[in-house]
Amino acid sequence: NSNNILSRRRTDDIGFQITRAIRNLAKDMTEWLKSDAIDGEVLGEILNMGYTYKIEAGHGAVNPEYEFWHRAAIEAGALGCKPMGANGGFILIACEEDKRPAVEEALNGLKKVPFRVENVGAKVIYAD
């Protein structure tokens, strides 16, 4: 529950620095996505950095089940992945096209929600 998550959050100076690093990483990713330099390896690095920061900050977003899926994706060839949404309800994965079948097989128990990055802004799309 939320009280457990809040009780695990770091409140020391290191926790503040990690929180600032997460914010800066989000800003950097926003600028990177706006550029024409979109690259799977860079996205993988950004996702892995965000994942590491979340663990260090102690926000409770990383649980043993997510650890299992993260390890499976990386071992299958994913470049990076990170929990997204409230309590890690989604996993964003960066993967080269040739590794995609192996990563999808490794994550066979998860629902796949395909998406793509576009430079035209947000759109609301309904998917079953």
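The values are calculated or read from the model by the stated rules, or taken from the named source; none is laboratory data. Fair warning: this is a prediction, and the values are worked out from it, not measured in the lab. Ideal geometry is used to build each Cβ from the backbone, glycine not excepted, and the neighbour counts take in all protein chains shown.
Scan the stretch 99-115 for residues that are without any contact (Cβ under 8 Å) to a residue 12 or more places away in the chain and closer than 17 Å to GLY40 by Cβ and the total you get is 5.
For the stretch 65-98, a residue qualifies if it is farther than 18 Å from GLY40 by Cα and touching a residue at least 12 places away in the same chain (Cβ under 8 Å), and the qualifying residues are TYR66, TRP69, ALA72, ASN87, GLY88, PHE90.
For the stretch 20-37, a residue qualifies if it is farther than 16 Å from PRO83 by Cα and either modelled with pLDDT under 80 or loosely packed, with under 14 Cβ neighbours inside 10 Å (or both), and the qualifying residues are ARG20, ASN24, LYS27, ASP28, THR30, GLU31, TRP32, LEU33, LYS34, SER35, ASP36, ALA37.
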